[in-house]
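Have a look at the structure below before the remarks.
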Amino acid sequence: MAATQFTTENKGNSCKKSYGVWVLIGVIALLVIVMLFNCFTVVNEGYIGVKYQFGKIVSSDLSAGLNMHIPFIEEIQQVDTREQIYSVQTDAYTSDTQTVDNLGLKLNYYYDGTKLPEIIRSIGINNVETKLLVPNVAKISKDEIGKVKAEDLVQNRSDVQNAIYESLKKTLEPQGIIVTAFAIENLAFEDAFEQSIQAKVIAAQDALKMQNKTAEKEEEAKQKVIAAQADADSQKIKADAEAYSIKAVQEQLAKSPNYIDYLKIENWNGVLPQAIGSEVNPFVSLDGSSVSVKSGTTSTANSAE
């Protein structure tokens, strides 16, 4: 009876040990699976991976895709490296003390990957806007606007934008912020000033219209002078040609008195005169009848007679 009881106890202990072993194996397998899953981090497109080892940056150029790290020892964080936009509204003053209300400013930028670790160490990605963009964009924009008159700011807005853009590039790029564009999106002045600017613009447009009309009339007058001069030149050429012709005829007559008879023959239209003088001069008319003139009397007879 005692032997039977001992055997039963041994079997119970053996089952407990087997169960404990399987539980331990399951826990170890679970830990292995968890560690395997924690060994990899996916970096999305448009981002760059920054690897930390116990809080220290060991790599800042992990590309998009699956990246490996040591669980519980290393960590990978993603930083958005795509172009970003910072917008702000503020007030400013021009050199002639005009107030610019609700000045809309927009900055396009992205992070310089080579200086990303320095940005993270010195400023922190989450603090870039408050520590770099907010003070610099406002200050530089107000300084540049304060150099010009309000009227020049309205008329030469793009020049002021370019000046602010260049100043922001010079200030922010050494700190790892690449500036790609800058724009002044809104300019609002006091109503009286805006009305005076509008009136001045209208006056300038009217003056330009008058200048254009004056230039048009001057051009018309110039064309008339040119046409008159051309007509005068034409008349002169014609008169010179006639004078030359007369001179040539006179020279020919001086050389040959019979030249006048030649000209008469050349210019005769083929029609005979009906009467010449008071003598009897028979002529044959174009219709075939004979004509005779005697003492101022003209008689006509048929050729058949």
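The values are calculated or read from the model by the stated rules, or taken from the named source; none is laboratory data. Note that the structure is a prediction, hence the values are computed from the model and not measured. Counting neighbours? That spans all protein chains shown, and the Cβs are built from the backbone with ideal geometry, glycine included. Ligands, DNA and RNA are excluded from the accessible area calculation, which covers all protein heavy atoms including side chains. Shrake-Rupley method; radii C 1.70, N 1.55, O 1.52, S 1.80 Å.
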I'd like to know if the range 19-27 contains one or more residues that are modelled with pLDDT under 70 and open to solvent by 80 Å² or more (accessible area, probe 1.4 Å). yes
Kindly list the number of the only condition in (1) within 27 Å of the chain's Cα centre (by Cα); (2) closer than 25 Å to Gly49 by Cα that fails for Ser141. (2)
Does the range 47-73 hold any residues that are surrounded by fewer than 12 Cβ atoms within 10 Å (Cβ to Cβ), of a type outside the set (A, V, I, L, M, F, W, C) and outside any strand (DSSP E or B), and which are they? Gly55, Ser63
Residue satisfying all of: in the range 170-190; part of a strand (DSSP E or B) and not aliphatic (A, V, I, L, M); farthest from Leu103 (Cα to Cα) among these: Thr180
Among Leu153, Leu172, Leu168, the single one that is open to solvent by less than 60 Å² (accessible area, probe 1.4 Å), on the phi < 0 side of the Ramachandran plot, within 29 Å of the chain's Cα centre (by Cα) and modelled with pLDDT under 90 is Leu153
Failed condition for Ile85, given (1) over 13 Å from Leu172 (Cα atoms); (2) among the hydrophobic types (A, V, I, L, M, F, W, C); (3) in contact with a Ser or Thr (Cβ under 7 Å, 6 or more places away or on another chain); (4) modelled with pLDDT of 90 or more, with all others met? (3)
Being over 20 Å from Glu83 (Cα atoms) and either charged (D, E, K, R) or surrounded by 13 or more Cβ atoms within 10 Å (Cβ to Cβ) (or both) is true for just one of Val128, Val160, Val134. Which residue is that? Val160
Within the range 96-125, how many residues turn out to be modelled with pLDDT of 90 or more and closer than 21 Å to Ala163 by Cα? 7
Out of everything in the range 88-122 that is outside any helix (DSSP H, G or I) and free of Cβ contacts under 8 Å to residues at least 24 places away in the same chain, what residue ends up being most open to solvent (accessible area, probe 1.4 Å)? Thr97
List the residue pairs whose Cβ atoms are under 8 Å apart, where the first residue sits in the range 167-187 and is within 15 Å of Lys142 (Cβ to Cβ), the second is part of a helix (DSSP H, G or I) and of a type in the set (Lys, Arg), and the two are 6 or more positions apart or on different chains. Ile184/Arg157; Leu187/Arg157
